[in-house]
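The values are calculated or read from the model by the stated rules, or taken from the named source; none is laboratory data. Since this is a predicted model, take the numbers as computed values, not measurements. Positions of Cβ are generated from backbone atoms using ideal geometry, with glycine treated the same way; all protein chains shown enter the neighbour counts.
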Amino acid sequence: MRVATIPGYRRAGSGQQPVNAYAGYASSLKRAPAQPLIYLPHTLSEITGPTFEDFLDDPKAADLTEGRVGKAIGERIVVSGRVLDEDGRPVRRTLVELWQANAGGRYRHLVDQRPDVALDPNFEGCGHTLTDAEGRYRFVTIRPGEYPWRNHYNAWRPAHIHFSVFGPAFATRLVTQMYFPGDPLLAFDPIYNSTADEEARQRLISAFDWETTIPNTALGYRFDIVLSGRDATPMEL
Amino acid sequence: MPLIPTPSQTVGPYFTIGCTPGNCDSLAAPGVAGKHIAIAGRVLDGDGAPVPDSMLEIWQANSYGKYAHPEDTQDKPIEPGFRGYGRIPTDDDGKFRFSTILPGPVPGPDGKPQAPHIEVSVFARGLMRRLVTRIYFPDEANANETDFALRRVDPPRRATLTARKVPGQAAQFEWNVILQGAGETVFFDC
């Protein structure tokens, strides 16, 4: 059964990932495990994972602003960046999915029934794409609205876009949220603040990007996503 | 200087609008080799209440114990019609069901085979990070006894990782995810 010796993936440093049992986040109280996680050394099962080489990449799925009968309402933005590992190497041909609220801060979802905010018939709020050979991805969308939620008194989520990325292995799977620079709501948001390390939290905030801003059309925001890198020490398979 | 990895954030309650391109609850095409099985169960919270806004992701080897991935260099066949990947959102009662084939054994530490298992990620509103667990099978008692991952778990909790046969249904298994409290599923730091 001996196969080539392959390194596993690195674990996040102290405070660099959020804790599941986070008192400030009410939804975690009955859902976060009470028992400690059991350390699992990476084996062939964790260093492999689904590949998306053959996934049909539909360019229309990366533009969320083209609705069924017209343009989505709101401020058009370009969100682009690279998916990299901790050593700065591009993660190629990996599936990136995203979803978000509309410009008024409402999701096209049965559970989101805010009576005071309309759905936009031209905005579904979801998209997907594959990274290219340099790990790059690019979406055109609208700036999502902030919205109230029930977590605590007068709680508002900062404007954010949800991102789902697979990476090369089961061990690198990541679902995260992208925020906007200078958002005053970040200081009050338990989801953003569930990660203790300040530098790690900064990873979640996109940067205004003049280079990708389209004149007269759309502001550009850059959001690089960094997945776990490879361990230097080979593991014995 | 290595880059700091991007922190995980919860999928929140609305992920079903975005995480659809990768959804798949039928992992194996009809002609794929191996025993075709179905696994069904529920995701429950610390009060035993169903979790309707969660999803499971599945990763597994084929019946020969080979992963459809370039880093699996074992001299075993890859099968067309079987990627080994699935994604299933839970329904209003917290229920999920997927069909697949029984995975074969894959190598583990020290070159010893691991017991047949399925890797599972659990995502939900309320979970800032995914939870990682494994499904093992009741007919593999000997292999389970020596499996390196199961041996890291206190014996009384190992049963949470083993699917149960559904009486009278040879190819049907039940396996539940209990996020918290009595009978809490074993989750791994992966």
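Values computed for the structure shown
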quantity: Selection count where residues are surrounded by 19 or more Cβ atoms within 10 Å (Cβ to Cβ) and assigned to a helix (DSSP H, G or I), scope region A:199-212; calculated: 2
quantity: Filter pass, A:Pro50 being at pLDDT 95 or above and within 20 Å of the chain's Cα centre (by Cα); calculated: yes
quantity: Filter result for the condition that a residue is in contact with a Ser or Thr (Cβ under 8 Å, 6 or more places away or on another chain) and closer than 25 Å to B:Thr16 by Cα, over A:Pro50, A:Pro33; calculated: A:Pro33
quantity: Residue satisfying condition, being within 11 Å of chain A (Cβ to nearest Cβ), under 19 Å from the mean Cα position of the chain (by Cα), crowded, with 20+ Cβ neighbours inside 10 Å and of a type in the set (A, V, I, L, M, F, W, C), within set B:Leu56, B:Leu27; calculated: B:Leu27
quantity: For A:Ala196: the one exception among (1) part of a loop (DSSP other than H, G, I, E, B); (2) aliphatic (A, V, I, L, M); (3) more than 11 Å from every other protein chain (Cβ to nearest Cβ); calculated: (3)
quantity: Residue in region B:181-190 that is surrounded by the fewest Cβ atoms within 10 Å (Cβ to Cβ), counting only those that are facing chain A (nearest Cβ under 7 Å) and within 20 Å of A:Tyr39 (Cβ to Cβ); calculated: B:Asp189
quantity: Residue match in region B:103-111 (condition: within 15 Å of B:Ala29 (Cβ to Cβ) and either touching a residue at least 24 places away in the same chain (Cβ under 8 Å) or in a loop (DSSP other than H, G, I, E, B) (or both)); calculated: no
quantity: Matching residues in region A:110-126 - criterion: being more than 18 Å from A:Trp156 (Cα to Cα) and either buried (at least 18 other Cβ atoms within 10 Å of the Cβ) or in contact (Cβ under 8 Å) with a residue 24 or more places away in the chain (or both); calculated: A:Asp120, A:Pro121, A:Asn122, A:Phe123, A:Glu124, A:Gly125, A:Cys126
quantity: Test: residue in region B:1-18 that is out of contact with any strand residue (DSSP E or B) (no Cβ under 7 Å at 6 or more places or on another chain), modelled with pLDDT under 95, more than 9 Å from every other protein chain (Cβ to nearest Cβ) and within 30 Å of A:Asp197 (Cβ to Cβ); calculated: yes
quantity: Qualifying strands (runs of 3 or more DSSP E) (wholly inside region A:1-109; at least 1 residues being facing chain B (nearest Cβ under 7 Å) and of a type outside the set (A, V, I, L, M, F, W, C)); calculated: A:95-100
quantity: Residues that are outside any loop (DSSP other than H, G, I, E, B) and either more than 8 Å from chain B (Cβ to nearest Cβ) or closer than 28 Å to A:Ile142 by Cα (or both), drawn from region A:166-181; calculated: A:Thr172, A:Leu174, A:Val175, A:Thr176, A:Gln177, A:Met178, A:Tyr179
quantity: Number of positions in region A:213-229 that are within 14 Å of chain B (Cβ to nearest Cβ) and surrounded by fewer than 20 Cβ atoms within 10 Å (Cβ to Cβ); calculated: 3
quantity: B:Gly111 being more than 15 Å from the chain's Cα centre (by Cα), within 8 Å of chain A (Cβ to nearest Cβ) and over 21 Å from B:Thr10 (Cβ atoms); calculated: yes
quantity: Region A:133-165, residues that are assigned to a strand (DSSP E or B), aliphatic (A, V, I, L, M) and touching a residue at least 40 places away in the same chain (Cβ under 8 Å); calculated: A:Val140, A:Ile142, A:Ile161, A:Val165
quantity: The lone exception for B:Phe137 - which of (1) surrounded by fewer than 22 Cβ atoms within 10 Å (Cβ to Cβ); (2) aromatic (Phe, Trp, Tyr); (3) over 28 Å from B:Val11 (Cα atoms) it fails; calculated: (1)
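Listed here are the residues, each with its yes/no results for (1) over 24 Å from B:Ala40 (Cβ atoms); (2) at pLDDT 95 or above; (3) surrounded by 20 or more Cβ atoms within 10 Å (Cβ to Cβ).
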| position | (1), (2), (3) |
| --- | --- |
| B:Ser63 | no, yes, yes |
| B:Lys76 | yes, yes, no |
| B:Gly81 | no, no, no |
| B:Pro89 | no, yes, no |
| B:Arg97 | no, yes, no |
| B:Val120 | no, yes, yes |
| B:Leu131 | no, yes, yes |
| B:Glu145 | yes, yes, no |
